[in-house]
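Asker: The structure that follows is given in the form of structure tokens.
The values are calculated or read from the model by the stated rules, or taken from the named source; none is laboratory data. Bear in mind the structure is a predicted one, so any value in this text is a computation, not a measurement. Note that each Cβ is placed from the backbone with ideal geometry, even for glycine, and that neighbours are counted across all protein chains shown. Only protein heavy atoms, including side chains, enter the accessible area calculation; ligands, DNA and RNA are left aside. Shrake-Rupley method; radii C 1.70, N 1.55, O 1.52, S 1.80 Å.
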Amino acid sequence: MSKKTEEKVKHPVTVYAPPYFGGREIGTVLASEPSRAIGRVIRTDLYQLTGDPSKHYLLIYFKIVNVEDSSASTIFYGHEYGREFLRSLVRRGSTKIDGIFDVTTKDGFHLRLTITAFAVSRIRWGKEKAIRHIMKEIVTKTGESLTLEQFSQEMVLGKSASDIFNSAKKIALLRHVGVVKSKVLKIPEWVYSRQRMEELTQGT
């Protein structure tokens with residue numbers, strides 16, 4: 001086989017969700033060398049991870065941070081509501097309250113969150129502002145006290161939204177609250193350093 005042909009050969013790499021999302025196989029990527037799969041982002045949905053068909057609307061992104069042989073391990077990299085589902089939540093005659101917040105977790109991950117609340121009816125600007133303040137206070141404090149592993153589960157499985165709903169309902173009647181989107185903006189160096197140390201240790 002010529003060198004040029006060898007360069008074109010693609011190796012399949014099986015990608016797994018992180019243990020805190022079940023550790024299931026979520027797909028396969030092709031790479032000229034298995035290590036070149038590091039950094040790629042894989043999308044799946046919560047239905048595939050949990051087996052609950054009612055969760056198909058929630059898309060989750062995982063980033064490959066390590067490859068061993070032909071198996072890739074990942075970390076949570078973000079999530080979002082499907083467009084159709086988000087559109088179905090909109091109702092005439094009600095107020096939609098959006099908030100975008102930057103959060104840093106206990107273990108040093110920087111994320112940007114988009115949170116949306118839907119009121120039962122139209123509400124005044126002052127109440128919107130108060131609800132937005134509650135959103136920021138809850139996710140900022142929660143993020144500071146939790147690791148990415150813990151915080152991502154709370155966002156995706158609905159606890160963060162539930163905490164906001166229970167506090168904000170004292171201000172206005174709400175129909176739905178959700179962390180509709182998140183994205184990891186910065187991964188701390190220790191993630192890759194730890195993976196590199198494991199590789200060196202295995203090679204000795």
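Asker: Considering every residue within the range 95-104, establish whether at least one is in contact with a helix residue (DSSP H, G or I) (Cβ under 9 Å, 6 or more places away or on another chain) and of a type in the set (A, V, I, L, M).
Answerer: Yes, the conditions are met somewhere in the range 95-104.
Asker: Residues in the range 102-144 that are under 12 Å from residue 155 (Cβ atoms) and polar (S, T, N, Q): how many?
Answerer: 3
Asker: Starting from residues that are buried (at least 17 other Cβ atoms within 10 Å of the Cβ), farther than 19 Å from residue 77 by Cα and not small (Gly, Ala, Ser), keep the ones in the range 140-169 and report whichever is farthest from the chain's Cα centre (by Cα).
Answerer: Residue satisfying both the conditions and the ranking: 165.
Asker: While we're here: Consider residue 17 carefully, then state whether it is over 30 Å from residue 158 (Cβ atoms), modelled with pLDDT of 90 or more and open to solvent by less than 60 Å² (accessible area, probe 1.4 Å).
Answerer: The answer is no for residue 17.
Asker: A further question on this structure: Which of (1) surrounded by 17 or more Cβ atoms within 10 Å (Cβ to Cβ); (2) assigned to a helix (DSSP H, G or I) does residue 123 not meet, given it meets every other one?
Answerer: Every listed condition holds for residue 123 apart from (2).
Asker: Of everything in the range 66-80 that's more than 23 Å from residue 186 (Cβ to Cβ) and not small (Gly, Ala, Ser), which residue is modelled with the lowest pLDDT?
Answerer: 69
Asker: Sticking with this one: Do you know which residues across the range 85-115 are of a type in the set (A, V, I, L, M, F, W, C), at pLDDT 95 or above, surrounded by 15 or more Cβ atoms within 10 Å (Cβ to Cβ) and within 24 Å of residue 129 (Cβ to Cβ)?
Answerer: 97, 101, 103, 111, 113, 115
Asker: Can you give me the number of residues within the range 96-125 that are without any contact (Cβ under 8 Å) to a residue 40 or more places away in the chain and of a type in the set (Phe, Trp, Tyr)?
Answerer: 2
Asker: Taking only pairs six or more apart or across chains, which ones have beta-carbon atoms under 8 Å, a first residue in the range 72-93 that is within 23 Å of residue 120 (Cβ to Cβ), and a second residue that is of a type in the set (Gly, Ala, Ser) and assigned to a loop (DSSP other than H, G, I, E, B)?
Answerer: Final answer for the pair search is 93/121.
Asker: Further question: Are any of the residues in the range 57-77 basic (Lys, Arg) and surrounded by 13 or more Cβ atoms within 10 Å (Cβ to Cβ)?
Answerer: Yes - at least one qualifying residue is present in the range 57-77.
Asker: Among the residues of the range 158-169, is any at pLDDT below 95, in a helix (DSSP H, G or I) and within 30 Å of residue 38 (Cβ to Cβ)?
Answerer: Looking through the range 158-169, none of the residues is at pLDDT below 95, in a helix (DSSP H, G or I) and within 30 Å of residue 38 (Cβ to Cβ).
Asker: Given 88, 71, which one is in contact with a strand residue (DSSP E or B) (Cβ under 6 Å, 6 or more places away or on another chain) and of a type in the set (Ser, Thr, Tyr)?
Answerer: Just a single option satisfies the conditions, and that option is 71.
Asker: Report every pair of residues separated by at least 6 positions or lying on different chains whose Cβ atoms are under 6 Å apart, first residue within the range 31-48 and closer than 16 Å to residue 62 by Cα, second surrounded by 16 or more Cβ atoms within 10 Å (Cβ to Cβ) and basic (Lys, Arg).
Answerer: These pairs meet every condition: 41/63; 46/55; 47/55.
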